[in-house]
Structures are given as C-alpha cells and as structure tokens.
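Report on the structure given below.
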Amino acid sequence: MKEKPTEKKVETITPLVSNRQARHAYEILETFETGMELVGCEVKSLRAHQAVLQDSYALIKNGEMVILNLQITPYPQGNRQNPDPTRSRRLLMHKHEITRLAGKVAQKGLTLVPLSIYLKGRHVKLELALARGRHTFDKKEVLKERDIKRESDRQLRGKV
C-alpha cells in the first residue's frame, strides 16, 4: 500500500505590534526571536493590537532576560485581577544566548531594543534587536542617503 506524503504545516506569522521608531533611532546589528512569559488576558490584549513598544527595552537581570516598559493595555472583558500594564516580563531564551548577549551588551553603546511582537503559530514572539544608538547627524545622513537612492531609482525607471 502506498502511503500519502505528509503535508508540512506552514507556520503563519501575524504581526501584532511594531516599533517603527526603533529602526530610525538605532543602528540594528543583530535580531533575535524570543518568547514572552505572559499572564492572564495579556495574550487577548495583544491579539487586539493593544500594546505600546516605543519606550521599552530589555535587560539581563540575575541571568534572566527581562523586558521593561512594555505596555500591554488591560483586556476590557477581563476580570479584576488584570496584571499591571507596564510590569516587567521575562523573556524566554536559552541560557547560552543570554550569556552571549550579556557580553555584547557590556560593550559601550549597545542595547537590546524590541522591534515587534507577532504570532508564530499559536505562540506570541518578540523580535529583539542588538542595537547601537544613532546621533542626530547620523539620522539626518541616513535620511539623505535614502532620498538620494529613491531619486536615482526613479530616474532609472523613467529611462528604461
């Protein structure tokens, strides 16, 4: 008897919240995918796109990765025991990844910035970036380069 080939499940990635300002304010060196330890109705709030990533950042405390200032709005249909919206949440990473990142963050000027929160299958994931802050003149220079590239692309399309 012939067996049917098994179909592989394709994991869908659904973005929930993104930190658009981070790519402008920081130079992204590396990105990582982490899980988050959530309680109560926080997942339902995230599915409703009720989170703010703008002022949040990650730290390494006592050998654990923690995200601070991530604001998840309490779920309106939740109960009275909704958790604090800006509480610190533990990030789920392997120990060797955390120690490697701790060494890199110890370098001057590097920080861990969240870029987006998304669903991967049924799990909530956080895209975390190792980044270096940009100065104002660097930001202006990047914008100028982007405008020059856009203008040259337009001219090339017009000639072809």
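Out of everything in segment 123-144 that is among the basic types (K, R) and under 17 Å from the mean Cα position of the chain (by Cα), what residue ends up being nearest to G35 (Cα to Cα)? So that I can check it myself, show each step before the final result.
Of segment 123-144, the ones among the basic types (K, R) are 125, 132, 134, 139-140, 144.
Those left that are additionally under 17 Å from the mean Cα position of the chain (by Cα): 125, 132.
Values: K125: 5, R132: 23 Å.
Of everything passing the filter in segment 123-144, K125 is nearest to G35 (Cα to Cα).
When G78, G35 are checked against the criterion of being at pLDDT 90 or above and not in a helix (DSSP H, G or I), G35 stands alone in meeting it. Residues in segment 49-68 that are assigned to a loop (DSSP other than H, G, I, E, B) and loosely packed, with under 15 Cβ neighbours inside 10 Å were compared, and the one that is farthest from the chain's Cα centre (by Cα) is N62. For segment 93-108, filtering for residues that are surrounded by 14 or more Cβ atoms within 10 Å (Cβ to Cβ) and part of a loop (DSSP other than H, G, I, E, B) leaves 1. Please determine whether any residue of segment 78-92 is within 27 Å of D138 (Cα to Cα) and surrounded by 14 or more Cβ atoms within 10 Å (Cβ to Cβ). No. Scan segment 16-32 for residues that are of a type outside the set (V, I, T), in contact with a Leu (Cβ under 8 Å, 6 or more places away or on another chain), farther than 15 Å from R89 by Cβ and part of a strand (DSSP E or B) and the total you get is 4. In the condition set (1) in a strand (DSSP E or B); (2) within 22 Å of P15 (Cβ to Cβ), T111 is compliant with all but (2). Against the test of being at pLDDT below 90 and among the hydroxyl-bearing types (S, T, Y), the options T86, T99 yield a single qualifying residue, T86. Looking only at residues of segment 125-154 that are of a type outside the set (D, E, K, R) and crowded, with 17+ Cβ neighbours inside 10 Å, we find that the one that is farthest from C41 (Cα to Cα) is A131.
Each residue in segment 60-118 was checked for being without any contact (Cβ under 8 Å) to a residue 24 or more places away in the chain and aromatic (F, W, Y), and 0 pass.
Only one of E30, E64 is acidic (D, E) and over 22 Å from G133 (Cβ atoms); which? Full working, then the answer.
On the way: E30 fails: over 22 Å from G133 (Cβ atoms).
Going through E30, E64 in turn, the sole match is E64.
The values are calculated or read from the model by the stated rules, or taken from the named source; none is laboratory data. Note that the structure is a prediction, hence the values are computed from the model and not measured. Here Cβ is always computed from backbone atoms with ideal geometry, including for glycine, and neighbour counts include all displayed protein chains.
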